[in-house]
1. Determine which lysines satisfy two conditions relative to LYS162: a Cα distance under 29 Å, and not lying fewer than 8 residues away in the same chain.
2. In percent, what relative contact order does the stretch 51-180 have, based on Cα pairs under 8 Å that are 6 or more apart in sequence?
3. From the Cα gyration tensor of the stretch 210-267, with a ≥ b ≥ c the square roots of its eigenvalues, which class applies: rounded if a/c is under 1.5, or else prolate if a/b is larger than b/c, or else oblate?
4. Name the aspartates and glutamates eligible as straight-distance cross-link partners of LYS212: C-alpha to C-alpha under 15 Å, and not fewer than 8 places from it in the same chain.
5. Can you pull out the GluC sites (Glu not before Pro) in the stretch 287-342 whose DSSP state is coil and whose Cβ has at most 14 other Cβ atoms within 10 Å?
6. Evaluate 2.2 N^0.38 Å with N set to the residue count of the stretch 83-209, then give the Cα radius of gyration divided by it.
7. What does the C-alpha gyration tensor say about the overall shape of the stretch 138-210? Classify as rounded when a/c is under 1.5, otherwise prolate if a/b is larger than b/c, or oblate.
8. Taking square-rooted eigenvalues a ≥ b ≥ c of the alpha carbon gyration tensor, is the stretch 247-306 rounded, prolate or oblate, where a/c under 1.5 means rounded and, failing that, a/b exceeding b/c means prolate?
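Where a number appears in this text, it was derived from the coordinates with a stated rule and is not lab data. Since this is a predicted model, take the numbers as computed values, not measurements. FYI the Cβ positions are ideal-geometry reconstructions off the backbone, even for glycines, and counts take in every protein chain you see.
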Amino acid sequence: MRFSRLIPAAAALSALLVLAGCQKQAEEASVTAEVSGAASTACRRPADSAAAIAAMAQHEAEALAAAEASRGGGQPAMWTLKDADTTLYILGTVHLLRPDTDWRTPEIDAAIGSADTVVFEADTTSEQAGRDLMKFFTSQGMFTNGTQLSSLLTPQETEQLKLALTELNLPIEAIQPMRPWYAALNLSVMQMTEDGFDPASGVEMKIEADAKANGASFEYLETVDQQLGEFAALDDCAQVDFLLMTAEALKQGTDVLDLLVSEWADGDVAGLGVLMSSPEAFGSEEAYAALLTNRNTRWTPLVAGMLEAPGTRLIAVGAGHLVGEHSVIAMLRAEGYEVSGP
């Protein structure tokens, strides 16, 4: 099934789960270039079966019902992992938020204030990070051989994309030089920011400001190349599927994203899990692995290894990485670590 009513959320998740600070660099690197046409290499896929469509619809209905019926503790979820001389606070975050979103609590503020070290997914705010992002977007996000994005689409898919882009008053020529994954990321961020979501209001930005004022140091779980490389490594057909799902989301607005943020702010771990932690939520096994499971698998031993260094750390990563059966929390617990929290 190409599109789903439930996750267009995956399109929103592409902005929620990747670099929190990439908006400015993405906009700078997405200048339309003069490119020549290339021979069509559009992905040819078999028609979806009625059974597959029915199964997806059933999954969506069940996930929405479960999320809406579930309740959290009334504040963003935070977990604790500790030993005799080390305390790790693990906080699920949202990278872009509306400026009026209220998420601060005494417990979260205490964790920020006590942290000797704050751990984020990747460095997105330093001058070097800006250069790394620009380099990656230019080399891995843009076609460098004259290919146009539409050469990977069927004529029908091209028309679908053009129609969806009217939601942003954007001509298809503006994204023709982009590889599908990069076009999808740009469109997601554009829609979210136009609807009032702001990277400057994201949780990491607020934590970083407080931590710097407290004299804390910073560490990171991955590099720009590791994080965005998961997208760039997807084959063209998987990237096209992700782009088309993102385009469909443009027509549906940010209602699903508002639901996800509401579930996060309520600390509804179970609700977020059913919405976010499955291949169906992302449209494909490949996208699910790229956005979540591959990264969670890399991060888990890094988090566990932090117990070797005395002190207090606050680990703040996208909430989707901490919910569901393939989450960092689940992986730590499966390895025998006692992680307190929901």
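1. Partners within reach: LYS24, LYS135, LYS251.
2. Relative contact order for the stretch 51-180 comes out at 15 percent.
3. oblate
4. Reachable aspartates and glutamates: ASP109, ASP116, ASP123, GLU204.
5. GLU325, GLU335, GLU338
6. Dividing the Cα Rg of the stretch 83-209 by 2.2 N^0.38 Å gives 1.40.
7. Oblate, since a/c reaches 1.5 and b/c is not below a/b.
8. Since a/c reaches 1.5 but b/c is at least a/b, the shape of the stretch 247-306 is classed as oblate.
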